[in-house]
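Notes follow the structure.
The values are calculated or read from the model by the stated rules, or taken from the named source; none is laboratory data. This structure is a prediction, so every number in the text was calculated from the model and none was measured. Methodologically, a virtual Cβ is constructed for each residue, glycine included, from the backbone with ideal geometry; neighbour enumeration extends over all protein chains shown. For accessibility, only protein heavy atoms count, side chains too; no ligands or nucleic acids. Shrake-Rupley method; radii C 1.70, N 1.55, O 1.52, S 1.80 Å.
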Amino acid sequence: MQTKLRAGIIGTGFIATVHIRAIRNSGHELVAIAGSSAESATVVAQKFNIPKVFSTWQELVLSPDVDVVHICTPNELHAEICIAAAKANKQIVCEKPISVNGQEANAIEAAVLNSGVGFAVPFAYRFYPIVREMRARLLNGEAGSVHQMHGNYLQDWLADSTSDNWRVDSVAGGKSRAFADVGTHWCDLMEFVTGDRIARLTANTSKAYQERNGVKVQTEDIANIIFETVGGATGALTVSQVSLGRKNQLLIEVDGSKASYTFNQESPDTLLIGGRESNQIIMRGNDTLTSADGKRLSLLPSGHPQGYQDAFNAFISDAYDEFQGKMVVGVPGLRDGLRSAFLIEAVLLSAESKTWVNVREASGQSQTKMLAS
Ligand code: SOE
């Protein structure tokens, strides 16, 4: 029987509760929590029956009873906690963006490579069965040669000027907000399903409001990006947190010479394949999907929808399997965390300089480690 890993969560917000449910679902043990205060951690500990509350994240990271540290704090703390956790030899699950700038991302890379600990980043949309199906079909060449990728990640939770959150603050959240928070998900997913990579991009960022609740806004509400890929395709992405009526519309379209493929995160059980004479809708289910990975992640008969928490559960199960030395396909790791940090860096630089910018690649070492893991 597989040994249970013991998890500790740092953070008490929405995403921390998603991690909590996923750890419980995986059959591993959730042993401790820490938050910005012992009080806030106690509230979540009582709700989810978590045995131990630490008053500080430092105590949790150093605890001999914790094997895996989940970092669900505001972004400004990610690098410091990652580095401390790596030094303490803990496996790490760190929320995206893994850092608030490229230098911090490099420091995380050095600490993680130096200690050799496992590292996973919740680009959890990769774990929808339909996403794996789309990926398998694209990598099989079923779309023909890919001309372009386009789409958007649209939300509306910051659509009015009084809506606020730590992510709006450029210190707590980092200089990029809309792109770092949700644009990075789109880029990760697009690169994952196509196997291609954004080589260079030009970005325009803007704010819907100059102030929120009397405080000057320093981070973007909207980002429009045009890019070219290593594989020679072109693409366009719109990211917004002020698009009324859109909650988490992560829409990816891939246009090839033989077919187009469309995935919409808000209807994650269907894949649209576009053709000249007719369009096809593939439903999730063991009898409908052709890819082994799609079938593996498809837990319910089609018609009983699977959703975001199921995808997140699968991410945690696979990440923990990888921590325990199993070969698993598609767990977003150190290289993917770095990749998104470098994409954010390129978007900010391009928006500021109004020029095309090449996107930095992760170092050879983290790529080798990722391929070996
Ligand atoms: C908030 O914008 C948020 O919860 C993001 O932080 C997540 O990464 C995204 O998946 C949904 O929206």
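Table for the structure above
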item: Surface per residue (accessible, 1.4 Å probe) for the chain, Å²; result: 42
item: GluC sites (Glu not before Pro) within the stretch 234-333, DSSP loop, no more than 13 other Cβ atoms inside 10 Å; result: Glu266, Glu277
item: Listed residues Asp67, Asp310, Asp164, most fluctuating in the chain (Gaussian network, C-alpha, under 10 Å); result: Asp164
item: Probe 1.4 Å, all protein chains present, accessible-area order of Val359, Val43, largest first; result: Val43, Val359
item: Shape category assigned to the stretch 6-82 from the gyration tensor of Cα positions, a/c cut at 1.5; result: rounded
item: Around Leu289: net Lys/Arg minus Asp/Glu count, Cβ-Cβ under 13 Å; result: +2
item: Max mean-square fluctuation residue, GNM over the chain, Cα-Cα springs under 10 Å, options Lys52, Lys207, Lys326; result: Lys326
item: The stretch 40-135 - Rg and Dmax from Cα coordinates, angstrom; result: 15.0, 44
item: Part-to-part distance (alpha-carbon centres) for the stretch 63-103 and the stretch 137-168, which is given in Å; result: 26
item: In Å², nearest 10: area of Cys72 left accessible to a 1.4 Å probe; result: 10
item: Which listed pairs, of Lys96/Lys247; Lys90/Lys175; Lys90/Lys326; Lys4/Lys52; Lys52/Lys90; Lys52/Lys326, have C-alpha distances above 23 Å, in listed order; result: Lys90/Lys175; Lys52/Lys326
item: Zone residues, the stretch 145-183, relative to Gln210, backbone N less than 17 Å from point 7 Å out along Cα-to-Cβ; result: 161-162
item: Sequence-distant aspartates and glutamates (8 or more away, or on other chains) whose Cα lies within less than 15 Å of Lys258; result: Glu142, Glu277
item: Candidates Met283, Met134, Met327, ranked by Gaussian network fluctuation over the chain, Cα under 10 Å, top entry; result: Met327
item: Excluding exposed DSSP-loop chymotrypsin sites (Phe, Trp or Tyr not before Pro) (at most 15 other C-beta within 10 Å), longest clean stretch of the chain; result: 158-355
item: Accessible surface of the stretch 6-124 [probe 1.4 Å, protein heavy atoms]: carbon and sulfur percent; result: 50
item: Selection of trypsin sites (Lys or Arg not before Pro), the stretch 74-167, meeting DSSP coil and at most 14 other Cβ within 10 Å; result: none
item: Dipole of the stretch 117-206 [Lys/Arg +1, Asp/Glu -1 at C-beta], most positive-end residue of Ala136, Tyr125, Val182; result: Ala136
item: Summed side-chain charge close to Tyr209 - residues other than Tyr209 whose Cβ falls under 13 Å, Lys, Arg +1, Asp, Glu -1; result: -1
item: Under 10 Å, Cβ to Cβ, from Val100 - net charge with Lys/Arg +1 and Asp/Glu -1; result: -1
item: Cα-only radius of gyration and Dmax that characterise the chain, units Å; result: 20.1, 62
